[in-house]
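Asks: Before anything else, here's the structure in question.
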Amino acid sequence: MAAMKWSGWGDDDVSFTHEDKPALGPFLLRALDLDVTRGAARPAAFDGLSVPEPSLSPDLSAALAEAVGGGSVSTDRLDRVVHARGKSLRDLVRHRRGDLGRLPDVVVRPADEDGVAAIMRAALDADAVLIPFGGGTSISGSLEAPAQERRTVISLDVSRLRRVLAVDAASGLAQVQAGAFGPDLERQLNAQGWTLGHFPDSFTHSTLGGWIATRSSGMQSDRYGDIADLTRAVRVVTPSGLLVTRPVPHTSTGPSVREMVLGSEGRLGVITEATVHVRRVPERRVILGYLFPTWADGLAAMQAIAASEAAPSVTRVSDASETGFSFATRKDPSVVDRLKSRALTTYLRRRRGFDVDAMCLSFVGYEGSHGHVAEQRKAVGRIVGRHGGLCIGASPGELYDQKKFDTPYIRDFLLDRGALADVSETAAPWSRLPTVYDTVMAAAHGAFDELGVRGYIMCHLSHSYHAGACLYFTFAFKPSARDGGLAEYDLVKSAIQQAFMDSGATLSHHHAVGTEHARWLEQDISAPGVAMLQALFTGVDPGSNLNPGKIA
Ligand SMILES: Cc1cc2nc3c(=O)[nH]c(=O)nc-3n(C[C@H](O)[C@H](O)[C@H](O)COP(=O)(O)OP(=O)(O)OC[C@H]3O[C@@H](n4cnc5c(N)ncnc54)[C@H](O)[C@@H]3O)c2cc1C
């Protein structure tokens, strides 16, 4: 897997364009006062960056080379810059303007668990800092070394540990190395007829170990579960040795050590392997599009589906703002498409009484045998009908499915044109979701007004559970300041995060704590909760050598 762009998301040769999406330019002008036809500003040239020399003693350098082989120890400038941070908006803005932060001094790539253990020993002996690095897609500041860190910083890149080691077919369990990237992992499992079913939007560039260390969620979590449900056992190289849990379906061994590793963001050790649930690749898979007259109808329908016997793999509904954005990013429609869409709009207005500016687009996914999918579709169709919605067929769902891994590139497109776009996501009980939504919208618009900018915020519900669901907000605005607008960004992002706290939601459903959300942790889990986490981290890592400063 090639490294991602040092200054942006994804592969070097892929970028987002508005040119094949005729409605997008006018949409952005209206929503953000952003004229996409005006010149784009590219990030600073890599060669012009000021990259400080690494601080690496000959002894530590020799110990690392002995641990993994000299060819797998790198002090290359680009390698160090790529491993310095993840891909949060704050990371991208600072990288693009040449503010590189505290770079790792060295990047090491072990080939196996013994190599990881040897690196751990070398790091502890030298009192160095060790930061595990998966795909580098963290969006919560989970990878950056503290600015004032004086010790040598080692980035331990697990990407050579990428094999599916064994599948226990009778139990539906696979033993997988932690550095396996999404596509790698699915390719190896699919070849044997299995799937993990974990598809985060960052799937193409993130790893199993990173998913576990951040408690990730994939698009099909309604059927497969979040990574926390999928992970049955872990192997972790810790300062005091190899931690191994057993891949049993359930256990009563006191507070769960497996759960402590989930979401640990590299603070307890390096995950080298996990045993995960796998399922047979489904016979049929389809995502259908639906329209609801209002957001309230869409939310009520998703809640009713979660409470019913239907078990879809995806339940997702966008509010009217996100629906408007989705329609604006459609590729050049053919004449037939245009006629169809005009006919649909007329039908919705005249026959169904929809206000097309308030309507909400929804996707529901189905997987399994042909019979199962057909039954599920019927059951969901009845619920949708009861909430005033209607099915618009499979093509919007196919389109969404195809373009979901391209969407992350849009943030760089906007950054090039001077606009900041980011996300904040949360989860709350069903009974609180409307309040969470209203509180966040009021807070974000209040922040835009305070800044005097034309901002846009939109939301979708995804990842439904028995007791509630995730609300995922995307916001954008064009800052006025010349420093890249990070102070203005902070105001908006903080207003949204605080709104989560004030309305009874969590600081993040699946993006983790890192440094980005750490200041809301006490409000979320209480002061004794934070003290318990601190005691865990200090107990396991008394020298604070493992990814210091993250979570608590
Ligand atoms: C555009 C975009 C879309 C995203 N979409 C989603 C989404 O749909 N769902 C979702 O859940 N998240 C999403 N994320 C967030 C991010 O992809 C996840 O947090 C992901 O799980 C990180 O995996 P990674 O392999 O990239 O880990 P990294 O970013 O490399 O690391 C993240 C954290 O995990 C630690 N870590 C990594 N590997 C190991 C290991 N082997 N042992 C111990 N610690 C380790 C690191 O030290 C760090 O603290 C998105 C991010 C972006 C930028």
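The values are calculated or read from the model by the stated rules, or taken from the named source; none is laboratory data. All values derive from a computational prediction rather than experimental measurement. Counting neighbours? That spans all protein chains shown, and the Cβs are built from the backbone with ideal geometry, glycine included.
Asks: If residue 499 satisfies every condition in (1) more than 18 Å from the chain's Cα centre (by Cα); (2) hydrophobic (A, V, I, L, M, F, W, C); (3) part of a strand (DSSP E or B) but one, which is the exception?
Replies: (3)
Asks: Additional query: Return yes when residue 335 is within 15 Å of residue 305 (Cα to Cα) and among the hydrophobic types (A, V, I, L, M, F, W, C) and no when it is not.
Replies: no
Table: residues versus (1) touching an Asp or Glu at 6+ places or on another chain (Cβ under 6 Å); (2) of a type outside the set (Gly, Ala, Ser).
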residue: 449; (1), (2): no, yes
residue: 455; (1), (2): no, no
residue: 458; (1), (2): yes, yes
residue: 462; (1), (2): no, no
residue: 465; (1), (2): no, yes
residue: 476; (1), (2): no, no
residue: 484; (1), (2): no, no
residue: 487; (1), (2): no, no
residue: 494; (1), (2): no, no
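Asks: Now a separate question. In the range 391-416, what residues are crowded, with 19+ Cβ neighbours inside 10 Å and away from the ligand (no atom under 14 Å from the Cβ)?
Replies: 396, 397
Asks: While we're looking at this one, here's another question. Pick from the range 231-243 the residues that are buried (at least 24 other Cβ atoms within 10 Å of the Cβ) and under 30 Å from residue 365 (Cβ atoms): which of them is farthest from the ligand (Cβ to nearest atom)? Let's see the steps before the verdict.
Replies: Of all residues in the range 231-243, those buried (at least 24 other Cβ atoms within 10 Å of the Cβ) come to 231, 234, 236-237.
Still in the list and also under 30 Å from residue 365 (Cβ atoms): 231, 234.
Values: 231: 12, 234: 9 Å.
This residue is 231.
Asks: Please count how many residues of the range 508-542 are within 14 Å of the ligand (Cβ to nearest atom) and either touching a strand residue (DSSP E or B) at 6+ places or on another chain (Cβ under 7 Å) or among the small types (Gly, Ala, Ser) (or both).
Replies: 8
Asks: If you check every pair at least six apart or on different chains, which have Cβ atoms under 8 Å apart with a residue in the range 250-264 that is within 23 Å of residue 178 (Cα to Cα) first and a residue that is away from the ligand (no atom under 16 Å from the Cβ) second?
Replies: Short answer, once both residue conditions are applied: 258/232.
Asks: Pick out the one residue from 496, 551 that is of a type in the set (Val, Ile, Thr), at pLDDT 95 or above and within 22 Å of residue 445 (Cβ to Cβ).
Replies: 496
Asks: How many residues, within the range 45-67, are under 33 Å from the mean Cα position of the chain (by Cα) and more than 25 Å from residue 100 (Cα to Cα)?
Replies: Result for the range 45-67: 1.
Asks: Here's a follow-up. Being within 16 Å of the ligand (Cβ to nearest atom) and aliphatic (A, V, I, L, M) is the requirement here; does residue 189 meet it?
Replies: No, not satisfied.
Asks: Within the range 116-129, is there a residue that is in contact (Cβ under 8 Å) with a residue 60 or more places away in the chain, within 30 Å of residue 494 (Cα to Cα) and of a type in the set (A, V, I, L, M)?
Replies: Yes, the range 116-129 contains at least one residue that is in contact (Cβ under 8 Å) with a residue 60 or more places away in the chain, within 30 Å of residue 494 (Cα to Cα) and of a type in the set (A, V, I, L, M).
Asks: Applying the selection to the range 192-229, what residues are away from the ligand (no atom under 11 Å from the Cβ) and among the hydroxyl-bearing types (Ser, Thr, Tyr)?
Replies: Residues satisfying the conditions are 195, 224.
Asks: Tell me which of these residue 234 doesn't satisfy, since it passes every other one: (1) under 13 Å from residue 274 (Cα atoms); (2) within 20 Å of the chain's Cα centre (by Cα).
Replies: It fails just one condition, (2).
Asks: Taking the conditions exactly as written (away from the ligand (no atom under 14 Å from the Cβ) and surrounded by 15 or more Cβ atoms within 10 Å (Cβ to Cβ)), does residue 165 satisfy them or not?
Replies: Against the criterion (away from the ligand (no atom under 14 Å from the Cβ) and surrounded by 15 or more Cβ atoms within 10 Å (Cβ to Cβ)), residue 165 does not qualify.
For every residue, the table says whether it meets (1) polar (S, T, N, Q); (2) touching a strand residue (DSSP E or B) at 6+ places or on another chain (Cβ under 9 Å).
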residue: 37; (1), (2): yes, no
residue: 47; (1), (2): no, no
residue: 55; (1), (2): yes, yes
residue: 64; (1), (2): no, yes
residue: 73; (1), (2): no, yes
residue: 77; (1), (2): no, no
residue: 96; (1), (2): no, no
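Asks: Still on this model: Inside the range 6-35, can you point out the residues that are assigned to a loop (DSSP other than H, G, I, E, B), out of contact with any helix residue (DSSP H, G or I) (no Cβ under 8 Å at 6 or more places or on another chain) and either of a type outside the set (Asp, Glu) or closer than 13 Å to residue 414 by Cα (or both)?
Replies: 22, 33
Asks: Still on this model: In the range 141-238, which strands (runs of 3 or more DSSP E) lie fully inside it and hold 1 or more residues that are at negative phi, of a type in the set (S, T, N, Q) and out of contact with any Cys (no Cβ under 7 Å at 6 or more places or on another chain)?
Replies: Result: 153-157, 173-177, 231-238.
Asks: For the range 502-523, how many residues meet the condition of being touching a helix residue (DSSP H, G or I) at 6+ places or on another chain (Cβ under 9 Å), in a helix (DSSP H, G or I) and crowded, with 17+ Cβ neighbours inside 10 Å?
Replies: Number of matching residues: 2.
Asks: Could you check, for the range 75-86, whether at least one of its residues is assigned to a loop (DSSP other than H, G, I, E, B) and polar (S, T, N, Q)?
Replies: Yes - at least one qualifying residue is present in the range 75-86.
Asks: Taking only the range 373-386 into account, find how many residues are out of contact with any Leu (no Cβ under 9 Å at 6 or more places or on another chain) and in contact (Cβ under 8 Å) with a residue 40 or more places away in the chain.
Replies: So the answer is 5.
Asks: Determine which member of the set 280, 246 is surrounded by fewer than 17 Cβ atoms within 10 Å (Cβ to Cβ), within 26 Å of the chain's Cα centre (by Cα), more than 16 Å from the ligand (Cβ to nearest atom) and not small (Gly, Ala, Ser).
Replies: The conditions single out 280.
Asks: Can you pull out the residues in the range 117-140 that are more than 8 Å from the ligand (Cβ to nearest atom) and not in a loop (DSSP other than H, G, I, E, B)?
Replies: 117, 118, 119, 120, 121, 122, 123, 124, 125, 129, 130
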